[in-house]
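The values are calculated or read from the model by the stated rules, or taken from the named source; none is laboratory data. Keep in mind it's a predicted model, so treat the numbers as computed, not measured. Cβ placement follows ideal geometry from the backbone for every residue including glycine, while neighbour counts extend to all protein chains displayed. SASA here: full protein model, heavy atoms, side chains in, ligands and nucleic acids out. Shrake-Rupley method; radii C 1.70, N 1.55, O 1.52, S 1.80 Å.
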Amino acid sequence: MTEVDEMAVDIERIHQLNSVLRPFIKRPSSGDAVTFEQYRILHELVKEKASTSELSRRLNVGQSMISIQISRLLKNGYIKDETLPTDRRYHVFQITDHGKAVHEHVSLVLAHELPQLMNKLASYVKV
C-alpha cells in the first residue's frame, strides 16, 4: 500500500470516528439540554468553584469557549456567579442544586452509553 493509499484509509477512519462521536458529543441529555462541553464544565464545578481561566486551563480549551458555555449555564440556572469582595472583576463560578441534578443525570446516561460507544470506536481503531 502506498503512502497516499494509507493516508486515504486514515482519512476515512477519521471521518468514520467523527460520524460516531458527533451525535454523542453534541446531543443534549434528555430533560435538561446541556452539551457535552457544558457537562464537562459542570463536572469540574462539582469538585470546586473555579474561574473562567481555571476552567480553561483544566479543560484545555480556550477561554472564549468557556465564556460562551458559562453564559449558557448561568442563563439556565445550572451555575451561579460570585465575585470577590476585594476584586469585583474576578468571577468564580459555582454549581447550583439544579446543575448538580443535571450533572448526575448526564453522568448516569454516560455510564450507560459510554461502553457502547467505546465498543463502536474499537471497531474503527487499528490494534
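When the residues of the stretch 80-106 are filtered to those that are without any contact (Cβ under 8 Å) to a residue 24 or more places away in the chain and of a type in the set (Ser, Thr, Tyr), which remaining residue is least open to solvent (accessible area, probe 1.4 Å)?
96
Among what's in the stretch 37-91 and is touching a Leu at 6+ places or on another chain (Cβ under 7 Å) and over 27 Å from residue 111 (Cα atoms), pick the residue that is modelled with the lowest pLDDT.
Filtering first and then ranking leaves 90.
Which of the residues belonging to the stretch 41-65 are in a helix (DSSP H, G or I), open to solvent by 20 Å² or more (accessible area, probe 1.4 Å) and either touching a strand residue (DSSP E or B) at 6+ places or on another chain (Cβ under 8 Å) or of a type in the set (S, T, N, Q) (or both)? Before the answer, list the steps.
Let us first name the residues in the stretch 41-65 that are in a helix (DSSP H, G or I), namely 41-47, 52-59, 63-65.
Filter once more, so that each one left must be open to solvent by 20 Å² or more (accessible area, probe 1.4 Å): 43-44, 46-47, 52-54, 57-58, 63-65.
Of everything in the stretch 41-65, those that are in a helix (DSSP H, G or I), open to solvent by 20 Å² or more (accessible area, probe 1.4 Å) and either touching a strand residue (DSSP E or B) at 6+ places or on another chain (Cβ under 8 Å) or of a type in the set (S, T, N, Q) (or both) turn out to be 44, 46, 52, 53, 58, 63, 64.
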